[in-house]
1. Mind checking the angle between helix B:116-127 and chain B's longest principal axis? C-alpha axes, 0 to 90 degrees, to the nearest 10.
2. Count the DSSP beta bridges whose two residues both fall in the protein assembly as shown, then state the antiparallel fraction as a percent rounded to the nearest 5.
3. Within region B:356-455, which trypsin sites (Lys or Arg not before Pro) sit in a loop by DSSP and count at most 12 neighbouring Cβ atoms inside 10 Å?
4. How big is the antiparallel share of DSSP beta bridges in chain B, given as a percent to the nearest 5?
5. If you fit an axis through the alpha-carbon atoms of helix B:214-226 and take the longest principal axis of the Cα set of chain B, what angle between them do you get, 0 to 90°, nearest 10?
6. Given a cut-off of 20 Å, name the pairs among B:Lys106/B:Lys283; A:Lys132/B:Lys428; B:Lys107/B:Lys219 whose C-alpha atoms lie farther apart than that in the structure shown.
7. Counting only other residues whose beta carbon sits under 14 Å from that of A:Lys132, what net charge do I get with K and R as +1, D and E as -1?
8. In chain A, which whole DSSP H runs stretch at least 20 Å along their own axis (Cα) and average 1.0 or higher on the Kyte-Doolittle scale?
Amino acid sequence: MAKPLGSEQNRMKATEENEPKIITSSPDLQDKILEKGKELFRLSDSFEDSFFSTYRLFSKSLLFLENRPLLKLQAFRFADLFPSLSSLSSISRYIRIYFVETPTELPKWILLFLSLLLSNPLSSVFVAVGAKIGIRLTAKFFILGRTYGSDRKKIIDRYKNGICSTIDILGEAVLSEKEAERYISEYLLLLEEVSKDKEISEIRDSQFPGEPTGNVSVKCSSLYSQLDPLAHESSVTHLMKKLRPILSSAVSKNIFINLDMEQYETKDIIMDTAFRIFAEPEFQDYPHFGIVVQAYLKVSQKDLQRVIEYSKKRKYPLTVRLVKGAYWEYEMTQSAQKGWEPPVFLIKSETDRNYEECSALLLKSYPHIRPAFGSHNIRSLSSAFVKAAEYSVPENFFEVQMLYGMGNSYKQAIRSLGISVREYSPIGEVIPGMAYLVRRLLENSTNEGFLKNINANSKDRERLLYLENSKSK
Amino acid sequence: MNFHNNPDFQNETLRDFSKEEERSILNKGFVSIRKEFPIQVFPIISGKTKKSSLIVPALNPANTSEKIADIHYASITDAEEATKDSVQFFETWKNTKPDIRIGFLKKAANLLRSQKAELTALMSLEVGKGIKDIDAEIAEAIDFCDFYAKEAEYIFQPRKRDLLGEENIYTYIPRGVTLVVAPWNFPLAILCGMTVAPLVAGNPVIMKPAEQSSAIAFKLFNILIEAGIPSSALHFLPGKGEEIGAYLVKHPEIHTINFTGSRAVGLGMIREAASQNLKFVKKVVAEMGGKNALIVDEDADLDEAVIASIQSAFGFQGQKCSALSRIILLESKYDIFKNRFIDALQSLKPGLPEDPSVKVGPVIDSESKTRLDTIASQFSSKILSKLKIEEDQKHTGHFVEPIVFESDDPTSPLGQTEFFGPYVTLFKAKNFEDAIKIANNVDYALTGGIFSRNPKNIQYAKEKFEVGNLYINRGITGAVVDRQPFGGYKLSGVGAKAGGPDYIKQFLEPISITENTMRRGFIPET
């Protein structure tokens, strides 16, 4: 396996050297990617406001933070803290500490108004309630709901609009086996609820003939509290034991299971677990399994080759969700503190370029892998679409995945091209889930250029279609 | 104070055990060290191996049927000979160019680096430490060598303050023979740091390792000799603390005692040193102990606070002077923290520390086990949770069940006495100020921490929390050389922080030399 990989990388290197300006593809291909991107922008404009226009409002208000780094820092810190504030008085106390007593770029008149309101117990309650409602609304916007059962209406709405979903359970870190057991039963319950949803299955049968009964994303770190890279073997063994009932239930109900990826540290544990458990007799011929490859990792192409080789041996191909990765800051601080070479690319455009190279690898492996392109970056997606055409990969063989609540007009635009779109839809307690999501959003808003994408005028938008532009964070 | 940065110094990197290659090297380390068992550990004086009439076996604390080493104990005669040789060699060592001494430390760092796998295995088997703790410890030992080498380069550049007609030099000379009495809980790093600092300063050193970790100490001694330290500058005396340790502490030719260990022994040394009638003041540098607290504020991130508490309280079975033994919680967080913390404790796996999935190993010896078991039964009414350890496991080694106590009396021994084991007590506080008050109300001031997202409380803790090492929103163990120089005050210790800018100077006497260069009518050209 090592040999073909080596030559593959060399070939790519050679291309880089020959064409320093346009790196991953020929000028012709580059033009096609630009055209495809512009087409997506045009299409998305026609869907504007037809679908959740409140998102624009939200992203506009986030743009308020764009050139206010201190305020942005405090805002995200506050959102991180919010779930542990138990009373209205503590909310208003912390608003004062975080926004009035800590210097930020808040305009003077807002500051004055805010401190005036906070100085009086009655109006400070008003501020606290306001903040609580605001945060709850924002959280609701990104989180499907508390449980599948309570909020399945939203999923059904999506399906009616042609958008599938993969459901993920949000939550706190798993610190003990008791907490892990709770998550396992939550996953089992979710599978149960999904499989029993008659309404969805009717829509699905008519609109999405190839779709399994449901699609669930599983976070392995929430199934086993003692995951430890040093104890690789025992971590894999335990994880397999925890996953078995979940996979069995999914198989019996015909539900797709995706194993999510988290920190670099546990990546090999999750990959080895996936390879071993998917090969067990009960699961070896099941068509609906997927794993994730993170393009910000320097080893991602090597890993992808491993997945491709593995998938070739299966009766049905695995799905690979190709993402850029959401733990960039975490990986950077971890490696700095341990004195390690960072496992991630340091420059955003290198991640973007690698994403395109991984996309090409995935598409070239047709029909041995089903690609799922997880990105909100129109350039990355256009590049994948153009390459899919080049390698004659049928449009129904791959899909695009985007986060629930974000980029809706793009989802519609991509749908109109005949490409499936799936939303990564978290369920869980709204308030604790908020902190988690804000962290994801923080990472996304800084290195995806995604929010800018949505709000930029058409000229600026087109500039985002060049790889080099993503250099500036 | 004179602070300077050491831009060239870089901390040793930890091993990345997510790499299969690292894991397999580690396994080979166990195989190869076991071939040396039982390691024969002798007293060595000026390069001469000494015979002993007392040979004590060193057993694996997790599996007492495995013999690690035979420790040949040194006698009083050996101690006397080591002292005599040290005194004789002092002038030579003192006059050796600092650069040469510094070179030995750099070489030692490289030798330690090349033997990581075997050292890891030996530490795991001789003292029962977990692999990741050992990895950090070896990195720390390497850091001590590299850091003190760099510091010495700086210290031995004389500080000149010359004027017209007057030359002023501020420089350092070594104090004299240094006795190093080291603990078993950081058998490599602490012994290494305590030894190489006085050595690089120009003092001959007599190493008296802890009885429980003499085999690791012997490996370190051999590495230092291999690195080039003259055999007359460094002597190795394994043996009984009460016997040769006590003898050397009293010895009139010992100028400095560098000690890490219990408060009782440390304070005894200080009294002994002060009472001696010598022509110099015998100096005792002592790092003694702690009753370390972590405060969990009402706005704390509990995911992080619980994990950090588990690691700080139960890492190496709580046998670290920096270990967490008191968790002080704001009332609103008490119950939820308690439940998650207990559940997290119950998820830890006890067993042999060489098994990488094991998080709870043995305590060091039967004496320690008996002492801890007595404490457990004495406070049985306060036990909130206990991690069960199977009977057959208990029979194979010195296993003690980790315990979470709960108490409303911070003045009781649960809140005041250092247990040196896997015991931690939860206390409640009314508010943050109250929590700091409870935390400070002990004899010790070693390590402490807070989990808070309130900038006011963080500031308050920075000003009021009486500890030598304060940690905010992270665990309270695992200090890194140069980044977090380690050490406490109050009854936690006396002397400069290990791995910090003042440490080497403790083994030196600063002198100031002023020369009037003016002769009647003329001054030399500069």
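1. Computed tilt is about 60 degrees.
2. Values: 31 of 108 bridges.
Around 30 percent antiparallel, to the nearest 5.
3. Sites meeting the loop and neighbour criteria: B:Lys388, B:Lys430.
4. Numbers: 30 of 72 bridges.
Taking every DSSP beta bridge within chain B, about 40 percent pair in antiparallel fashion.
5. Value to nearest ten degrees: 30.
6. As for pairs spanning more than 20 Å Cα to Cα, those are B:Lys106/B:Lys283; A:Lys132/B:Lys428.
7. +3
8. Span-like helices, by this rule, are A:121-142.
Values in this text are rule-based calculations from the coordinates and carry no lab data. It should be emphasised that the depicted structure is a prediction, and the values quoted were computed from it without experimental measurement. Heads up, the Cβs are rebuilt from the backbone with ideal geometry, glycines too, and the neighbour counts pull from every protein chain shown.
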